[in-house]
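Before any comments, here is the structure.
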Amino acid sequence: MTRTTVRIAMNGVTGRMGYHQHLVRSLLALREQGGLDLGDGTVIWPEPVLVGRSEHKLRTLAARHGLDRWSTDLDAVLADDGIDIYFDAQVTAAREEAVQKAIAAGKHLYVEKPTATGPAGALKLARLAQEAGVKHGVVQDKLFLPGLRKLRRLVEGGFFGRVLSVRGEFGYWVFEGDWQQAQRPSWNYRAEDSGGIAADMFPHWEYVLHELFGPVRTVQAHLTTHIPRRWDESGTPYEATADDAAYGIFELAGGIVAQINSSWAVRVHRDELVEFQVDGTEGSAVAGLRRCRIQHRAGTPRPVWNPDLPVTEPFREQWQEVPDNAAFDNGFKAQWELFLRHVVRDEPWRWDLTAGARGVQLAELGLRSSQEGRRLDVPEPGR
């Protein structure tokens, strides 16, 4: 057995997503299973190097997980020839500068989305990475969730016939922070810190729609701030300047219409925090994070609208569960495995910084659409 060590500078691991999903449930989980077995006697062994601003937090995390290397000096870490990959899960406003440094240092890149605060910055990162000849990837974790993997199976198997529409609901109530602590950091609600739910979620919706149903051709959006006053981590009140809800209509190639609501000011009355209903000429499906249910054309009931009588049909019971048919690993870990194989073996990879730029562009166009009150075309990035 040959072990290939890949050293990864992980910037932003003191944050919720960087720590739980990328460090613990992805790279450390790979180490716990003995590394990533490539099936030919070679094992990829990820070696995290923790990077951040807080010496205390980094030292604590390293000690907790038995890691030897951490640093508050990003420049020194990037100057180390032993570092193979730079990973970035910082706040969005800090990402672009750090990624440019990593490109200049010749590191392969794997970054969270959005990749930059605007389309110009996102495209610049993609161009610089291509010119430098480094491998680069963007986290697109929703594609690897069990529910959406089942949905992809249905699409690729022709279950829907001609897809007509996609309807998505995402969100939950984020506490204001006065009488219960908020579940999200306060910068999310400040436009000056690159906050906003459209900037956060429209990049997700771009790659989900693009990968499963086709490229987004137009966008019409309404963004709003439902909760204008919140309390930060220290209990200090502040004015929310970023949108906490975004209502979008997207026209896809082929005439498919997608409508997706995203909100941090909605109370959940559905089975999962995100659900997509896809309707086609031959059947429909409702997919969440884990589950996926279907109703075929031949099994579609015949509802009749009668407001004078109570509804007796068990609508939810008329849908069939799509079986797992496979063991689904953590979605972040599954994409990390593919990126590591791409770096070590040059295996195929399509979720690069250009794909990330498409998501940043869609978020910016959604904001413009809301401000201007009109539908906007979505060009290929850079055009």
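The values are calculated or read from the model by the stated rules, or taken from the named source; none is laboratory data. Please read all numbers here as calculations on a predicted model, not as lab measurements. A quick note on method: Cβ atoms are made from the backbone with ideal geometry, for glycine too, and the neighbour counts reach across all protein chains shown.
Using the structure shown, decide if Glu337 is assigned to a loop (DSSP other than H, G, I, E, B), charged (D, E, K, R) and more than 27 Å from Asp279 (Cβ to Cβ). Considered against the rule, which asks whether it is assigned to a loop (DSSP other than H, G, I, E, B), charged (D, E, K, R) and more than 27 Å from Asp279 (Cβ to Cβ), Glu337 comes out as no. Quick check: anything in segment 180-190 of a type outside the set (A, V, I, L, M), free of Cβ contacts under 8 Å to residues at least 24 places away in the same chain and within 20 Å of Asn261 (Cβ to Cβ)? Within segment 180-190, one or more residues are of a type outside the set (A, V, I, L, M), free of Cβ contacts under 8 Å to residues at least 24 places away in the same chain and within 20 Å of Asn261 (Cβ to Cβ). Testing Trp336 on (1) in the same structural domain as Gly18 (by TED's automatic domain parsing); (2) free of Cβ contacts under 8 Å to residues at least 60 places away in the same chain; (3) among the aromatic types (Phe, Trp, Tyr), one condition comes back false. Which one is that? Unmet condition: (2). So, in segment 172-202, exactly how many residues are touching a Leu at 6+ places or on another chain (Cβ under 7 Å) and outside any loop (DSSP other than H, G, I, E, B)? Of the residues in segment 172-202, 2 are touching a Leu at 6+ places or on another chain (Cβ under 7 Å) and outside any loop (DSSP other than H, G, I, E, B).
Within segment 143-171, take every residue that is in a strand (DSSP E or B) and either of a type outside the set (Lys, Arg) or without any contact (Cβ under 8 Å) to a residue 24 or more places away in the chain (or both) and give me the one that is surrounded by the fewest Cβ atoms within 10 Å (Cβ to Cβ). Here the answer is Leu164. How many of the residues in segment 130-142 are touching a residue at least 24 places away in the same chain (Cβ under 8 Å) and in a loop (DSSP other than H, G, I, E, B)? Result for segment 130-142: 4. Of the strands (runs of 3 or more DSSP E) lying entirely inside segment 204-318, those containing at least 2 residues that are among the aliphatic types (A, V, I, L, M) and at pLDDT 95 or above are 216-224, 245-252, 257-263, 274-280, 283-287. Checking each residue in segment 36-58 for being touching a strand residue (DSSP E or B) at 6+ places or on another chain (Cβ under 8 Å) and more than 11 Å from Arg3 (Cα to Cα) picks out Glu47, Pro48, Val49, Leu50, Val51, Gly52, Leu58.
Number of residues in segment 24-50 that are under 16 Å from Asp329 (Cβ atoms), surrounded by 15 or more Cβ atoms within 10 Å (Cβ to Cβ) and free of Cβ contacts under 8 Å to residues at least 60 places away in the same chain equals 4. Within segment 186-206, which residues are buried (at least 22 other Cβ atoms within 10 Å of the Cβ) and closer than 24 Å to Leu143 by Cβ? Those that are buried (at least 22 other Cβ atoms within 10 Å of the Cβ) and closer than 24 Å to Leu143 by Cβ: Asn188, Gly196, Ile197, Ala198, Ala199, Met201, Phe202, Pro203, His204, Trp205, Glu206.
Of the residues contained in segment 275-283, one or more are found to be polar (S, T, N, Q), in the same structural domain as Trp173 (by TED's automatic domain parsing) and surrounded by 10 or more Cβ atoms within 10 Å (Cβ to Cβ). Given the condition surrounded by 15 or more Cβ atoms within 10 Å (Cβ to Cβ) and in contact with a Pro (Cβ under 9 Å, 6 or more places away or on another chain), answer yes or no: does some residue in segment 252-266 qualify? Yes. On the given criteria, is Arg59 of a type in the set (D, E, K, R) and either surrounded by 18 or more Cβ atoms within 10 Å (Cβ to Cβ) or within 23 Å of the chain's Cα centre (by Cα) (or both)? It is false that Arg59 is of a type in the set (D, E, K, R) and either surrounded by 18 or more Cβ atoms within 10 Å (Cβ to Cβ) or within 23 Å of the chain's Cα centre (by Cα) (or both).
If you go through segment 108-165 and keep only what is more than 23 Å from Val91 (Cβ to Cβ), of a type in the set (Lys, Arg) and in contact with a strand residue (DSSP E or B) (Cβ under 8 Å, 6 or more places away or on another chain), you end up with Lys135, Lys150, Arg162. Looking at segment 113-125, which of its residues are buried (at least 24 other Cβ atoms within 10 Å of the Cβ) and over 15 Å from the mean Cα position of the chain (by Cα)? Within segment 113-125, Ala122, Leu125 qualify. In this structure, Thr236 does not satisfy being more than 13 Å from Gly195 (Cβ to Cβ), of a type in the set (Ser, Thr, Tyr) and in contact (Cβ under 8 Å) with a residue 60 or more places away in the chain.
Among the residues of segment 73-129, those that are assigned to a loop (DSSP other than H, G, I, E, B) and of a type in the set (S, T, N, Q) comprise Gln90, Thr115, Thr117.
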